[in-house]
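The values are calculated or read from the model by the stated rules, or taken from the named source; none is laboratory data. Just so it is clear, the structure is predicted and the values come from calculations on it, not from any experiment. A quick note on method: Cβ atoms are made from the backbone with ideal geometry, for glycine too, and the neighbour counts reach across all protein chains shown.
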Amino acid sequence: MPDLTLDLRYLRYALMAAEHHSFRRAAAVLEVPQSTVSRRIQLLEHRLGFLIFERGPRGATLTAAGETFLHHAATGVNHFDRAVQIAISTHRGESGDLHIGILGSLTSGFLHQILRQYRAKHADVRVSLHEGTTQENFHRLATGSLDVIFVTGDPVLPGYRSAKLGSECVFVALPSSHPLAVRNEVTWEEIRDENFIVSTGGPGPEIRDYLIKRLAAFGFSPKIDPQEVGRESVMNLVAIGYGLTLASTSALGAEIVGVVFRPIAGNDDILTCSAVWSSSNINTALKCLLAVAKAVAREFKPSRDKSAAAIPVIHLLIPIGCFARAPMDLFAQIMG
């Protein structure tokens, strides 16, 4: 049985000699002495137990066994080289897979800008987006099916790291015919008796919890109407007068016919936006994404001016998330 513990350099020398039909020409291409090529091919033949080349005055000629061997060995070398290239690319974050948990759409906003810039720099990384509620995304992160999630708040979780990426202001979405639509801002007291529409998926549960928390602080219990529809349909219901809803800066994006957005008076309704990931995650593609996210975040600041939402590049695309519940309580609930 031949010794299969072969130095790949020996095999490459044999392949080069076969290609050029000469040890001398192979040595010139490899920029090594001809004696080095000859010795290493001889050692390779010794380990294999058969001759790869017939030596003669006219150079090196492949034997039948040598031709068969090098034909199949070349395929293996190519696969090996490709494996090395892929591994190096993955190590550098230039390829691989990245799974991201989000809330909301990507029509505009902060995350839109992150992914656009990340794509430009790392086009070979396969990015998979997973939309869900904050609780769902935390569960996916805890089970390892997500590399990173984008949430509101500044979670502090054992075994996890987070990075503040910016802040968002909370707006009330009202029908343009609403009496408060002419105001520059509204107060919680002014909207306490309104009907609020929220979706049952996406950021809906977090909006519901936020409403309950904010209005409970004033001694009110909000009227909340859950709907099994997406954000666009929720806004259409607002436009035709079914109720109000909440939106963060990132959700303002394009103009919605029949809907106006007004900030809430005071400075309490500001949400910190963060990325959260496991401290044991060694995915280099994630490190590259976080570097891009932090660079993009440095360019933007929150604004209570709704008109700023007309400029897509300054939105944060993380709708109202886990702000309403303490992150540790939420994590304990998920893991329990």
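Quick check on my filter: what residues within segment 187-232 are part of a helix (DSSP H, G or I), modelled with pLDDT of 90 or more and under 18 Å from V260 (Cα atoms)?
Correct list: W188, E190, I191.
Which residue out of L103, L129, L146, L141 is assigned by TED's automatic domain parsing to the domain that holds Y160, farther than 30 Å from F23 by Cβ and modelled with pLDDT under 85?
None of the others qualify; the one that does is L103.
Which residues, taken from segment 151-180, are more than 15 Å from the chain's Cα centre (by Cα) and among the β-branched types (V, I, T)? Even if it seems obvious, please write down each step before you answer.
Let us first name the residues in segment 151-180 that are more than 15 Å from the chain's Cα centre (by Cα), namely 152-161, 164, 166-180.
Hits for segment 151-180 are T152, V156, V170, V172.
Within segment 248-260, how many residues are at pLDDT 85 or above and either outside the structural domain of L271 (by TED's automatic domain parsing) or buried (at least 19 other Cβ atoms within 10 Å of the Cβ) (or both)?
2
Take L70 and decide whether it is closer than 30 Å to C169 by Cα and either at pLDDT below 85 or in a helix (DSSP H, G or I) (or both).
Criteria not met by L70.
Of a type in the set (A, V, I, L, M) and surrounded by 23 or more Cβ atoms within 10 Å (Cβ to Cβ) - does that describe any residue in segment 199-219?
To start, the set of residues in segment 199-219 that are of a type in the set (A, V, I, L, M) comprises 207, 211-212, 215-217.
Narrowing further to those that are surrounded by 23 or more Cβ atoms within 10 Å (Cβ to Cβ): 207, 211.
Looking through segment 199-219, at least one residue is of a type in the set (A, V, I, L, M) and surrounded by 23 or more Cβ atoms within 10 Å (Cβ to Cβ).
Identify, please: which residue in segment 125-150 is surrounded by fewer than 24 Cβ atoms within 10 Å (Cβ to Cβ) and part of a helix (DSSP H, G or I) and is, among those, farthest from the chain's Cα centre (by Cα)?
So, considering only residues that are surrounded by fewer than 24 Cβ atoms within 10 Å (Cβ to Cβ) and part of a helix (DSSP H, G or I), the one farthest from the chain's Cα centre (by Cα) is Q135.
Counting only residues that are within 47 Å of the chain's Cα centre (by Cα) and either within 17 Å of S22 (Cα to Cα) or in contact (Cβ under 8 Å) with a residue 60 or more places away in the chain (or both), how many does segment 54-70 have?
Number of matching residues: 1.
Just to be sure I understand the filter: pairs with C-beta atoms under 9 Å, separated by 6 or more residues or on different chains, first member in segment 132-145 and among the β-branched types (V, I, T), second member assigned to a loop (DSSP other than H, G, I, E, B) and surrounded by fewer than 20 Cβ atoms within 10 Å (Cβ to Cβ). Which pairs pass?
Hits for this filter: T133/G201; T134/R325.
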